[in-house]
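Peer 1: Dumping the structure here so I can ask a few things about it.
The values are calculated or read from the model by the stated rules, or taken from the named source; none is laboratory data. What you see is a predicted model; the values in this text were computed from it and never measured. Cβ placement follows ideal geometry from the backbone for every residue including glycine, while neighbour counts extend to all protein chains displayed. Just the protein is used for accessible areas: all its heavy atoms, side chains included, with ligands, DNA and RNA removed. Shrake-Rupley method; radii C 1.70, N 1.55, O 1.52, S 1.80 Å.
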Amino acid sequence: MSVNNLEKVGLIKRPQIEQAMAWLIEHGPLVEKPQLPAWMLKQLVRENRIARLRRGLYLVPDKAGRMLPVAVVAALLAPSGYVSFYGALTLHGLTDQDASVWAVVTDKFQGDVRYGPFTLQFAVWPRRLRRAKTKKMAVDGVQIRVATPAQALSDTLEAPRFGAALPELLHVLRVGLSTRRVTVAQLRQRAVELGSVTLARRLGLLLELATGDVDPVLATLARRSHRWTEGNGRQVRDSQWRLVLPTSRKRILTAARE
């Protein structure tokens, strides 16, 4: 008689913790406020069999025992949104660095989530959600909605707290242009369609540093406002793009990876 049959007739019983694990897998991969004893959940988290994302929310493996990658978890937590910013740039192969922070553009607020070494954040940006350029991408066999390279870079430049520093974004831009995963025309079009002075200024600066040319369309858009665009660590004023930068152009170029 098989173990399963023995269980059915009550001759043996699986340990309670295994029964709890089986129940979680059946109701996963995301399980909110499971009706299980706290000690069971704590033990499973301590043994790294499940992950506690935040209070009352757990990620559990699939029936093959695999835990979902961080990009898929981010997409599942905000199914109406899209993965963007630096995480999306890594998915498109525009950088060889791992993203420690992943962010999703969404229309509903959520608190930050911790998943192993990663932090998942949620940019509440309903207007952008309606106009974003996205594509479906398979990550470990799961289809998720991801910003196009031009959209991800544009989002990062407009909301830099979700992205990387300017030297790393310059590196990303150079890789994108050299591999033609993104083009100047695509980036320019995104800025014009969105009508964002801030995006035109930051993008214009990076394109000038990457190509040596001042884009006239972006320069015109950048001058629609006389107010300067400021950022974190304000130090250097760039009159060409009316930007207050954290450091000089020379240092941005020097710090950018080749």
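Peer 1: Go through A99, A64, A88 for me and flag whichever is open to solvent by 20 Å² or more (accessible area, probe 1.4 Å), of a type in the set (G, A, S) and outside any strand (DSSP E or B).
Peer 2: Numbers: A99 fails: open to solvent by 20 Å² or more (accessible area, probe 1.4 Å); A88 fails: open to solvent by 20 Å² or more (accessible area, probe 1.4 Å).
Answer to the selection: A64.
Peer 1: Look through region 120-149, keep the residues that are of a type in the set (A, V, I, L, M) and in contact with a Ser or Thr (Cβ under 8 Å, 6 or more places away or on another chain), and return whichever of them is most open to solvent (accessible area, probe 1.4 Å).
Peer 2: Filtering region 120-149 down to residues of a type in the set (A, V, I, L, M) leaves 120, 123-124, 129, 132, 137-139, 142, 144, 146-147.
Add one more test, that the residue is in contact with a Ser or Thr (Cβ under 8 Å, 6 or more places away or on another chain), and what stays is 123-124, 129, 132, 146-147.
Details: A123: 5, V124: 73, L129: 24, A132: 18, V146: 0, A147: 0 Å².
Here the answer is V124.
Peer 1: So, one more: Does D213 count as out of contact with any Phe, Trp or Tyr (no Cβ under 6 Å at 6 or more places or on another chain), under 30 Å from A64 (Cβ atoms) and of a type in the set (D, E)?
Peer 2: Working: out of contact with any Phe, Trp or Tyr (no Cβ under 6 Å at 6 or more places or on another chain): yes; under 30 Å from A64 (Cβ atoms): no; of a type in the set (D, E): yes.
No.
Peer 1: Restricting attention to region 111-143, which residues are assigned to a strand (DSSP E or B) and touching a Pro at 6+ places or on another chain (Cβ under 9 Å)? Break it down into steps so the answer makes sense when it comes.
Peer 2: Taking region 111-143 and keeping what is assigned to a strand (DSSP E or B), we get 113-115, 118-124, 134-139, 142-143.
Passing the criteria: V139, V142.
Peer 1: Looking at (1) modelled with pLDDT under 95; (2) at negative phi; (3) open to solvent by less than 50 Å² (accessible area, probe 1.4 Å); (4) under 27 Å from the mean Cα position of the chain (by Cα), which is the one condition that is false for G56?
Peer 2: (2)
Peer 1: Can you confirm whether region 67-79 contains a residue that is assigned to a helix (DSSP H, G or I) and under 16 Å from V182 (Cβ atoms)?
Peer 2: Our first condition is that a residue be assigned to a helix (DSSP H, G or I); within region 67-79, this holds for 70-77.
In the following step, the residues that additionally are under 16 Å from V182 (Cβ atoms) were identified as none.
Checked region 67-79: no residue is assigned to a helix (DSSP H, G or I) and under 16 Å from V182 (Cβ atoms).
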